[in-house]
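Right, one structure below, let's go through it.
The values are calculated or read from the model by the stated rules, or taken from the named source; none is laboratory data. Being a predicted model, the structure only gives us computed values, none of them experimental. Cβ atoms come from the backbone with ideal geometry, glycine included; neighbour counts cover every protein chain shown. Accessible surface areas use protein heavy atoms only, side chains included; no ligands, DNA or RNA. Shrake-Rupley method; radii C 1.70, N 1.55, O 1.52, S 1.80 Å.
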Amino acid sequence: MARQYPAMHVSTVVSKQGGHSYRTTLVRTSYRDHNGKSQKKTLANITHLPDPLITLIRNYLKGQRLADADDTFEILNTRKHGAVEAVFTAFKQLGFKNLINSQSERHSDLVLAMVAARIIRPHTKLATVRWWRDTTLADYFDIDGADADELYGAMDWLLTRQNVIEGKLVKRHLKPGALALYDLSSTYLEGTKCPLAEFGYSKDAKKGKLQVNFGLLCDRQGRPLGVSVYRGCFRDNKTLIPQVNRLKGRFGIDRLVVVGDRGMVTQVNIDALRKLDGIGWISALKSPSIKKLVRSGHLSRSRFDEVNLFEVLHPDFPGERLVACRNRSLAKRRALTREALLAATEDKLKGIEKSVAQGRLKGSAEIGLRVGEVINSRKVKKHFIVEITDHSLCYRRNHERIGEEACLDGIYVIRTSLDEASMTAAECVRNYKRLCRVERAFRTIKTVHLQVRPVHHRTEERVRAHIFLCMLAYYVEWHMRQVWRELLFSDPDLDEVSAAHNPVLGAVRSDAARKKAASGQLDDGSPAHCFRTLIEHLETMTKNTCRNRLVESVPFELTTLANDKQQRALDLLKTIRYPLRSRQM
């Protein structure tokens, strides 16, 4: 665009009056009078305009071209940044790089990047390499040019560091005499080549798939400290004692209280634990043992009329404390469930009975097969009395057996080696229920969050490294979840509510958590998030490489400004703490 006045320009005049300085910005034009002398004429006083607008006018009058931003700038590249910054902040606060390796090297950077990728966007190793090229991970870690083979090499290196890393975690979070939670789960594999892959009891309910078992060791808050991988057919109770010996021998924990479920802490393991000095345990009785207590009169249901928790002594459990509990709400749910199963089974049996009566189904063997399929499918065989002949079918409920089971509805018994001075009965119950935190860890590691399954690796070492990598990712995610409670659907007052609540009763959420669950919103009206959606929301923050089209210039970077929710999430991550003085990245 051409200038209307060739000599028009912006001039700033400074004047003093009464000891004060005044700045006046004018638009002027220069011209020559009839005598040929140069003169200046003021066209407008623009002092009142904002400084950026004055600068714009000045540049325009100098002949610089004005254009829309779309015509002036172009974005050469966009990389996802917000979630990477969030995870890097968590790494820094946890001293995670020093945890993996005190020396900075290529392998450790690749491991850190894989952990970050597992938290943000879990993929196979090949897909991970492709994904992180579209992120700013390379700005934080030395991963340029990495391919899938190099990632596999880094996994092999990580496995050699597992004992050292787990030793550091135990030193951080597991002090002598502390509570340690331990449980075992399984995950299925693709392929048949891995030596660890075997058929076994699938806790994923995945039939026809080879699997591996892995045990997770956590502190009392559910923070993961170590993981061990076993063959797919390995039984739960065979993994406990090696874990305890490892804590005592390798990590130097002389005093410890181990919490395991009733399938883990068997009598054989209890006898072995008694031989280890300084090791206490908390577990629960199985149903046959509880029935035996009821029959012997040591556990009377009438005692629950006044209290829902009391201690029991029995000669079959020398040196142990038994804490009997009854949850009335649980009892009602189990009674309703049993009645629904019995009614559904009877409906199916009526159809078979009709077929027999009409002669369409004959023979005791054939009738028995059909009846067995029905009563076994819902596991209620013990609650029915069935009489079968070649031409008849009679069945009825076994009210005696149903009554015996009903007497145990809502009743469970905690067993422990700790005396009352070490831990009260209520604390024993509350600490046993902490095993749900290990179960929550398994759900997070195995499902949509970290996706440990399915495992595609074929060698034993790679499978072990893959599961260990997922455990490390959960360690970081666990801390992120803790400080993000106010932004997530999580209960921000969980610890306080749990401590004040009767340990026998079911979990209770605070008023704030119930309000978030009902409305889906936080107190400020913004949406509440789960961990995954909050990570995705942070991913909308990008780092953009831009260039000025009008002049030849070096490309520059612009990062998306964080909105209030994103900034709050990043600020909360800076409050992560762990119990060591050094917090170097």
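Considering only 444, 553, 218, the residue lying farthest towards the positive end of the dipole of the chain is 553, judged by Cα position with unit charges set on Cβ. Region 101-125 and region 300-314 have Cα centres lying 53 Å from one another. Taking the Cα centroid of region 205-278 and of region 28-44, what is the distance between the two, rounded to the nearest whole Å? Result: 94 Å between the Cα centres. What whole-number distance in Å separates the alpha-carbon centres of region 75-96 and region 451-484? Taking the Cα centre of region 451-484 as reference, the centre of region 75-96 is 19 Å away. Between residue 268 and residue 390, the FRET efficiency from the beta-carbon distance, with R0 = 35 Å, is close to 0.15. In the context of the full set of protein chains, residues of the chain present 52 Å² of accessible surface per residue (probe radius 1.4 Å, heavy atoms only). In degrees between 0 and 90, to the nearest 10, how far off the longest principal axis of the chain does helix 51-61 point, with axes built from Cα atoms? Approximately 50 degrees, to the nearest 10. Restriction of the trypsin sites (Lys or Arg not before Pro) in region 372-421 to DSSP coil positions whose beta-carbon has at most 15 other beta-carbons within 10 angstrom yields 378, 379. What share of Cα pairs, in percent, lie more than 19 angstrom apart in region 379-441? Every Cα pair in region 379-441 considered, those over 19 Å come to 61 percent.
Of the residues 282, 269, 312, the one whose Cα sits farthest towards the positive end of the charge dipole of region 267-319 is 269 (charges of +1 on Lys and Arg Cβ, -1 on Asp and Glu Cβ, taken about the Cα centre). Dividing the mean sequence gap of close Cα pairs (under 8 Å, 6+ apart) by how many residues the chain holds gives a relative contact order of 20 percent. When the chain is described by a simple charge dipole with +1 on each Lys and Arg Cβ and -1 on each Asp and Glu Cβ, the residue from 64, 573, 343 located farthest towards its positive end is 64.
Taken over region 471-573, the alpha-carbon convex hull comes to 141 cubic angstrom per residue.
Each semi-axis of the equivalent ellipsoid for the chain is √(5λ) with λ an eigenvalue of the Cα gyration tensor; in descending order they amount to 67, 29, 27 Å. Fraction of C-alpha pairs exceeding 17 angstrom in region 268-325: 44 percent, rounded to a whole number.
Heavy-atom accessible area, probed at 1.4 angstrom with all protein chains present, ranks 31, 432, 140, 201 as 201, 31, 140, 432, highest first.
Placing dummy labels 7 Å off each Cα toward the beta-carbon, the span from residue 316 to residue 15 is 10.6 nm.
Here region 351-491 was treated as a single set of alpha-carbon atoms; its pair distances binned every 10 Å from 0 give 9, 19, 15, 19, 20, 14, 3 percent. Extension gain for residue 24 to residue 306 (0.36 nm times residue separation, less C-alpha to C-alpha distance): 92.7 nm. Note on region 3-57: with charges restricted to the Cβ of Lys and Arg (+1) and Asp and Glu (-1), its dipole about the Cα centre is near 200 debye. Rounded to the nearest 20 debye, the dipole size of the chain about its Cα centre is 260 debye, using +1 on the Cβ of Lys and Arg and -1 on the Cβ of Asp and Glu.
Accessible surface comparison of 157, 132, probe 1.4 Å, protein chains only, largest first: the order is 157, 132. Can you tell me what share of the DSSP beta bridges in region 166-283 is antiparallel? A percent to the nearest 5 is fine. Looking only at bridges with both residues in region 166-283, the antiparallel portion is about 70 percent.
Ordered from longest to shortest, the equivalent ellipsoid semi-axes for region 275-426 are 43, 16, 12 Å, each the square root of 5 times a Cα gyration tensor eigenvalue.
An ellipsoid equivalent to region 97-151, defined through the eigenvalues of its Cα gyration tensor, has semi-axes of 17, 11, 10 Å when rounded to whole angstrom and sorted largest first.
Quick one: compute the contact order of region 378-418, relative version, from alpha carbon pairs under 8 angstrom and 6+ residues apart, as a percent. Relative contact order here is 29 percent.
The magnitude of the dipole of region 373-514, with charges of +1 and -1 set on the Cβ of Lys/Arg and Asp/Glu and taken from the Cα centre, is near 600 debye.
So what is the diffusion coefficient of region 46-188 in µm² per second by Stokes-Einstein at 10 °C and 1.306 mPa s, using a Kirkwood Rh over Cα pairs?
82 µm²/s
One equal scatterer on each Cα of region 208-303, no solvent, Debye formula: the resulting log10 I(q)/I(0) at q = 0.22, 0.23 Å⁻¹ is -1.18, -1.24. Cross-link partners of residue 206 among aspartates and glutamates, defined as those whose alpha carbon lies under 17 angstrom from its own and excluding same-chain residues fewer than eight positions apart: 190, 198. What is the calculated FRET efficiency for residue 398 to residue 508, with r their C-beta to C-beta distance and R₀ = 30 Å, to the nearest 0.05? About 0.25, to the nearest 0.05. Of all DSSP beta bridges located in the chain, what percent are antiparallel, nearest 5? Bridges in the chain that DSSP calls antiparallel: roughly 85 percent.
Rolling a 1.4 angstrom probe over the chain with all protein chains present gives an accessible area of which 50% lies on carbon and sulfur atoms.
Estimated at 0.36 nm per residue, the fully extended path between residue 459 and residue 292 surpasses their Cα-Cα distance by 55.4 nm.
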